[in-house]
Each structure stands twice: as C-alpha cells, then as structure tokens.
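Read-outs throughout are calculated quantities, based only on the coordinates presented, and are distinct from any laboratory measurement. Worth saying up front: this structure is predicted, and the values here are computed from it rather than measured. Cβ sites come from the backbone with ideal geometry, for glycine too, and all protein chains shown count toward neighbours.
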Amino acid sequence: MFPTPEAPIWRPPRPLPAPDEEPPDHFEPLTGSFLALQIAEADRITAALNASTSKVAVATREMDALADKSNTLLESLDAAREAERAASEEAQRASAELVTLDARLEAARAVVREWVFLVYSGGGGSSDVGYMLDAMAAEPQDVGDPLGDLSYLTEQRTRALQDIRILTAEQVRLAAVADSAEAEAVAATRTISGDSSALQKVLSEQRARVGELRTLQIAEVERAGPVASILVGARTPTARAAAARLRAALTAASVDVSAIGKPCTDDTNTYPNGLFPPSALCPLWGAPGERLAPGAAAAFNALSKAYAAQTGIPLCVTDSYRSLSEQISVKVSHGSFAATPGTSRHGLGRALDLCGGVQDFSSPAHRWMKQNGPLYGWFHPSWAAAGGSLPEPWHFEYAG
C-alpha cells in the first residue's frame, strides 16, 4: 500500500539547490544520523514499491536487480583494468631494470675475469707481491704511489666481487618480480574478458528492459503516478512538480542508450593523476566549467541527455576532473574523507560528484542513476554505497 500525502516523511536538512542556484563545490561527509535517515527512507520507498503488484513495479524491481549486477560487474571490470595496467607497468619496469643491471653485472664480471686470468697466467700474483715488496723497501716519503696502486687494484677487485654477488641477487629478484607481474597481468586480462562477456549479457537485457519499462509506464501513466510520487516524495510543491514532469515526460521520452556521441578530442594518452592538459579533457553537457576524460565525458553527456529527456533537466554536477592542486585543497579541507592527492579518481577524469538529488540515497535521482548509469559505463563503487566504508551517494565512476 502506498503512503498517503499526510504520512510523515523525513526531509533532508540540506535543501537541494534551485535550478538557477549554484550547487555546492563539495558535499560534506554524511554523519551517522544523517546517513541512517537516508537509508531508512530508501528502505521505506523500496518496501512500498515491492509491495505493489503492478506491472510497472515488477519491471522496476527487475531493473533494480539488473542494475545491481551491471554495477558490480563494471566495478570489477574497472578494478581488473587497473590491475592489468599496474602489473604491465611493473613488468616493463622490472625488465628495463634487468637490462641496466645486466650491463653492470657484465662490467663487474669483466674485472674479475681479468684478475683470474692474470693470477692463473702467473702475472697477477707476482705483480701484486712485487708492488708490496717495493713499498716495504722504499723510504717512507716514497711509499704513497706503490701502496696506492696496490690498494686501488685490491679495492677494485673486491668491489667487483661484491657487485657480482649483489647484482646477481638483484637479478634473481627482478626476474621474479617481472614473472609475477606478467602473471598478474595475464590473470587480470582473463578477469577482464570474463567480466566484459558477463557485462554485455546483463547490459543487453537491461537495455531491453529499459524499453519494456518505458512502454509499461506509457501504457499505465496514471497507475505509475503513485509510484513516481513515492520516488520523489511528492509532498512539497517542488516535489509534486517534479513528479508531474516525470509522468509527462514518460509519454515523450525516447532515448537510444547506445547513442553515445564522439568525444570532443582523440587525445587519450596516459597522463599523471591531476596533470591532464586541456587537450585531454572534454566539457560536460549542462554542467558549465566541468570536464572529464574524453570517453567518460561522451558517455556522461549521453546519460545526462537521457535524464533530461525524462525529467526536463540535465544531471547536476558539483565536481568532475580535479587537478593536483585542487586535490591538495580538498584534502586540506576534508582531511581523511578525501583521497590522498595524486590518487583520486577525479584526477584521472573518470569520477563525478553529482547533486540535484543524487546525493541522497533515498531520492529518485539516485535511484535513476543506479538503474541507468551502468548502461553508459558509470557505476557507484561499493565503498561509496550506503553500507560501504565511506558512504557517498553522490560519487560515481566511469569504467568504459
């Protein structure tokens, strides 16, 4: 049974920005009580939807289940790609160090080979003894050069032997590192292949269900009304207007989820975190001043246009690509709640912080993002989920 308009409902202490109002730069971390209220409201909405036996509610539940699967697969795929990249770089680095080490090892072995040759040919031992006898028979003021020469030769050969032992051990270590890294890269590649295959199957079904759900909604606009009201908590004029806008848009929305446009640039080179040049970033539709890496921007723009087709407004963005200096600033102001500068996903142009309701676990905008984001390569990481280590309903990442 759906709740009545008179039923009490929790309202977020921080009102959403009006359409003409600038969104905040960054959201404050969710407190325990604030988070608990959001989760409770999200659970209430889910329970109300699950209690419905309408075709729209059933299709919505199925879409939620598919969205959870695709979200999990995207996160796994993204982690596997990162592991593959890191392992490949480690293998290449170890191989390059091995080449340099081999040259040093060969030089040390050459010194030892020469020494061994001189000793076994009779020159090395008598020569060294001769230097020593000359030094002992010489006057004190004349001892410097012969002893210096003998000391130099002895130290050079001793260092050569030490270098061979040290470099040989390092050679073994680097070879093991290279082998291990290559094995990790191969394992990650297998994971990528498996996740990609499973993801395509889930996304294919999810795309089909999107069309099915829209058809059901159009056919049952009036019956979908209470569902939309629950999702937006239509108890304020603004919320009621959003619900009406959503229902009206259902009859006109027709979005091709495969229509992701061409990126604004083909500069897809790898750059250090937070040090991307302007040529490697693209603007976001409906979010002036915000930028992402080319593929992520193209996918988000298509996603935001799909959202606008159903709600009348684009997705609200508070933060996108974050330069190294911006990461430092955020770290200073947010402490342990912010990533270490140089490690943030924002610094790779593949992460977003969203507003307009997405920052609330119990809002329709957040639910919409969870259902539709994976169709465009965007997922909500497990650490940012309501039960994650750092709940951030507003944070989404791009896996491609």
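Here are some notes:
- Packing-based exposure ordering (other Cβ within 10 Å, fewest first) of ARG109, ARG81, ARG159: ARG159, ARG109, ARG81
- Scoring 360-369, 57-66 by mean Cβ neighbours within 10 Å over their residues and listing the highest first yields 360-369, 57-66.
- Under-5 Å amide H pairs with LEU315, H placed in peptide plane, nonlocal only: ALA308
- Linear extension gain, THR158 paired with GLU170, 0.36 nm per residue minus alpha-carbon span: 2.5 nm
- Ordering LYS262, LYS370, LYS55, LYS201 from the fewest to the most neighbouring beta carbons within 10 Å gives LYS262, LYS201, LYS55, LYS370.
- Once backbone amide H atoms are built at 1.01 Å from N, ARG291 has SER320, TYR321 as its partners under 5 Å, excluding neighbours fewer than 5 places away on the same chain.
- What the Cβ-Cβ distance of ALA208 and VAL99 gives, at R0 = 51 Å and to the nearest 0.05, is a FRET efficiency of 0.45.
- Other residues with beta-carbon under 14 Å from the beta-carbon of LEU199 carry, at +1 per Lys or Arg and -1 per Asp or Glu, a net charge of -1.
- FRET efficiency estimate (nearest 0.05) - Cβ-Cβ, ILE313 to SER180, R0 35 angstrom: 0.10
- Pairwise inverse Cα distances across region 254-317, averaged and inverted, put the Kirkwood hydrodynamic radius at 12.4 Å.
- Relative contact order, percent, region 260-300 [alpha-carbon distance under 8 Å, six or more residues apart]: 45 percent
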